[in-house]
1. Take Lys89 and Tyr139, extend 7 Å from each Cα along the Cα→Cβ direction, and tell me the distance between the two endpoints in nm.
2. When the helix-only estimate is applied to the chain (DSSP H runs of n ≥ 4, each -39,500 (n - 2.57), divided by the residue count), what is the mean residue ellipticity at 222 nm, nearest 500 deg cm²/dmol?
3. FRET efficiency for Phe153 and Glu131, Cβ-Cβ distance as r, R0 = 22 Å, nearest 0.05?
4. For the chain, set up a GNM with springs between Cα atoms under 10 Å and report which of Gln181, Gln125, Gln101 has the largest fluctuation.
5. If each residue of separation counts as 0.36 nm, what is the full-extension length gain between Lys42 and Asn200 once their alpha-carbon separation is subtracted?
6. Counting other Cβ atoms within 10 Å of each Cβ, which trypsin sites (Lys or Arg not before Pro) in the stretch 112-174 have at most 10 and sit in a DSSP loop?
7. Using a simple spin-label model with points 7 Å from Cα along the Cα→Cβ vector, what separation in nm is obtained for Asp53 and Ile182?
Amino acid sequence: MKKRIKAVIFDIGGVLALNKNPTTIKRGISTKTLGIHQCIAKKLNLSLDQWFDSADEAYIHSFEGKVSYKKTLDIISKNTKTPNRKLRKILVTPYKKNFKQNILLHKLASKLKKQGYKIAVLSDQWHPSKEGVVLKKYYKKFNVVVLSCDVGFRKPDIRIYKLTLKKLKLKPNQVIFIDNQIWNIKPAKKLGMKTILFRNNNQTIKEMKKFGIGV
């Protein structure tokens, strides 16, 4: 018997919040949004490579929830010789300016909730991006919000998907997971979730309908 979908899990960056300059670069184990980091480097009077060298360890550990927000700022502050308060503003502001909320998808999520579906967020964030992009309304609107910097591991670690399912109290085949990165889709699919690789709103809505979600 086919299991009915009971929840939809959304990524934030590139899905619920769209970057005005979505160009990314791969550095080490991380994929970084180029425009945001160029802005930060400029504000700190550093080259892009200097900025990455000064922040890489703290950046990765913050994403993985291994250090607190304060510790993240302390490390980067020491390396860039920038006071914590000033640094925090420099780090957060580009996220606020470069990301815009995907209004249509937020409306769709609200509609799904009214129809009786659970809605959730599963997103990789480091502390400054969480402050800049993850609005307070997320915690009121969504049934479950799972952010990597809060829980201690990040996608594509299978544990973060399992944690989200545990919080939803659902089995993998009862949910749809929407993300804009194929490497984040693969573990969800392997676990048994229905998945959608987000490209745009229209494509995502069409694929949701194929799973029997009337939106």
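A short reminder: the numbers here are calculations on the coordinates, not readings from a lab. Everything quoted here is computed from the prediction, not taken from an experiment. Note: ideal-geometry Cβ built from the backbone for every residue, glycine included; neighbour counts use all protein chains shown.
1. My value for the distance between the label points is 2.4 nm.
2. After summing the helix terms and dividing by residue count, I get -15500 deg cm²/dmol.
3. E between Phe153 and Glu131, to the nearest 0.05, is 0.65.
4. Top of the fluctuation ranking is Gln181.
5. Roughly 53.8 nm would be gained on extension.
6. Taking the stretch 112-174 and a limit of 10 other Cβ atoms within 10 Å, the loop trypsin sites (Lys or Arg not before Pro) found are Lys136.
7. Roughly 3.4 nm, to one decimal.
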